[in-house]
Structures are given as structure tokens and as C-alpha cells.
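Undergrad: Sharing a structure, written as C-alpha cells. Questions coming.
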Amino acid sequence: MKLYLDTANVEEIRQAADWGVISGVTTNPSLAAKEDDDFTKILPSICELVNGPVSAEVIALDHEGMIKEARKLAGIHKHVVVKIPITPDGMQAVKTLSSEGIKVNVTLIFSANQALLAARAGAAYVSPFLGRLDDIGHTGVALVRDIVDIIDLHELNTEVIAASIRHTEHVPAVALAGAHIATMPFKVLKQMFKHPLTDLGIESFINDWKKADKSFK
Ligand code: E4P
């Protein structure tokens, strides 16, 4: 399972890219709105930092408007993947865009039926939002597992991005459920490094080395 960062913040993306652990980035209009600069100015910088797909979402709700915005976004950089919500107009846009070779990530997926519709329309990615399902008392990880099983069983050419990840425990859960990608906030990615035994281990190794008064020759 690949790890993506879910942010439009260039500094967070730069740091995670330096660590060598991320394979892509997802953004959405709420994340883009948090940044000071205009999103179309930020997007090329994000694409240069990441050697992989960068999802950027359309705002239009009608298929013609979506297609127009999608072509514009895709023209910004070869890494751009257009994000489109799961609606009938959205799938009409996916059909046209995928026939033009523009990759689409279908977003706001909350059911297996929605994922199946998106895959059939030609989506390269589907993004089930597990955290938001957990918020209303459902089990987001179970939906990710169902979608992965359906895609495998019917040999569909769509990758599953486990999105709306809220905490570190979601990450191994969706990896075991078979998600191809997990996209997470920077805070969660940083927390994945953490374990108290790692901190204690580093401290005791350094102390023992100092006590023995050794140095690298
Ligand atoms: C994914 O593509 C979305 O941008 C994101 O994961 C939504 O997460 P949220 O539910 O924390 O807003």
C-alpha cells in the first residue's frame, strides 16, 4: 500500500517528500482554502515536489463545467489527477475525461455501489472516506475492504484510495483490507514514526556508547 499526503500545504509536502515515504498527494477545496496562495499557483509547486499523482478537485457541478475545469487542471502538470464527486454528472465527465487519457479520482465515496459506478465510468481511483463514515457510527474500514474485494473479483482497473484517515490505527487496518493507497494528514504521517520503545532504545544506545567513551574511528 502506497502512502499519500492529504494536504495542500507545500511545506508539509516538502518535508514528507524529503523523508522519501510518500508516493502522491490528495487535496480538496477545503484543504486548498486553508492556504494563503491561490491554488492554481500552489499546484505546480506541489507537483514538482512529488514524484507521483496529485489530486486536484473540480468545483463545477455540471458535467460540461467539470470537463472544462478538469482539462485546465490536467494541463497544469503531468502529475495532476482530477478529482470529481460521485454524481451522475460527475460520471458523465469521468467517461469523457478517461477517454482523453485524463486520470480521475472519484471522491466522496460512501458505499460500494458508488465505487462500482465510478469504476465502470472509467475512474482510475476511487476514494472511500472512512473517517467520515466512522463519525456517523459506521465502520469505514469494512467499506474499504468491500470495495477492494469487488474490484479484485471483477478485475476492474481502478485503485482504492482509503481517504479521510483520522489516526494511525486506520493505516494498518486499511493496508490489511487491501487498499492500494492510504491518504492521510501530515499529523498522522508523523505519528506513524512514533513508538515509546524506539525513543527509549535510541536513548539507551547513545548513553551506553557515551559511558564506554567510544568514538567512530
Ligand atoms: C481525500 O481525498 C479527502 O481530501 C480527505 O481525505 C477528506 O478527509 P476529511 O474527512 O478528514 O476531511
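The values are calculated or read from the model by the stated rules, or taken from the named source; none is laboratory data. Since the structure is predicted, the reported quantities are computational estimates derived from the model, not experimental observations. Cβ atoms come from the backbone with ideal geometry, glycine included; neighbour counts cover every protein chain shown.
Undergrad: Got a sec? Which of Ser23, Ser30, Ser55 is touching a Lys or Arg at 6+ places or on another chain (Cβ under 7 Å) and within 18 Å of Leu108 (Cα to Cα)?
TA: Just a single option satisfies the conditions, and that option is Ser55.
Undergrad: To continue, here is another question. Would you point out the residue of segment 39-60, among those that are among the polar types (S, T, N, Q) and modelled with pLDDT of 95 or more, that is farthest from the ligand (Cβ to nearest atom)?
TA: Across segment 39-60, the extreme among qualifying residues is Ser45.
Undergrad: With respect to the numbered conditions (1) within 15 Å of the ligand (Cβ to nearest atom); (2) surrounded by fewer than 20 Cβ atoms within 10 Å (Cβ to Cβ); (3) among the hydrophobic types (A, V, I, L, M, F, W, C), which one is the sole condition not fulfilled by Ala182?
TA: Looking at each condition in turn, Ala182 falls short on (2).
Undergrad: Mind listing just one residue for me: the one in segment 19-38 that is away from the ligand (no atom under 13 Å from the Cβ) and more than 24 Å from His180 (Cβ to Cβ) and, of those, surrounded by the most Cβ atoms within 10 Å (Cβ to Cβ)?
TA: Among them, the one singled out is Glu35.
Undergrad: Could you check how many residues of segment 59-77 are touching a helix residue (DSSP H, G or I) at 6+ places or on another chain (Cβ under 6 Å) and outside any helix (DSSP H, G or I)?
TA: Matching residues across segment 59-77 total 3.
Undergrad: Go through segment 87-110 and report how many residues are within 12 Å of Tyr125 (Cα to Cα) and crowded, with 24+ Cβ neighbours inside 10 Å.
TA: The number of residues fulfilling the criteria is 6.
Undergrad: Tell me the residue from Val144, Val174, Val126 that is within 13 Å of the ligand (Cβ to nearest atom), at pLDDT 95 or above, crowded, with 22+ Cβ neighbours inside 10 Å and not in a helix (DSSP H, G or I), please.
TA: Result: Val126 is the single residue among Val144, Val174, Val126 that is within 13 Å of the ligand (Cβ to nearest atom), at pLDDT 95 or above, crowded, with 22+ Cβ neighbours inside 10 Å and not in a helix (DSSP H, G or I).
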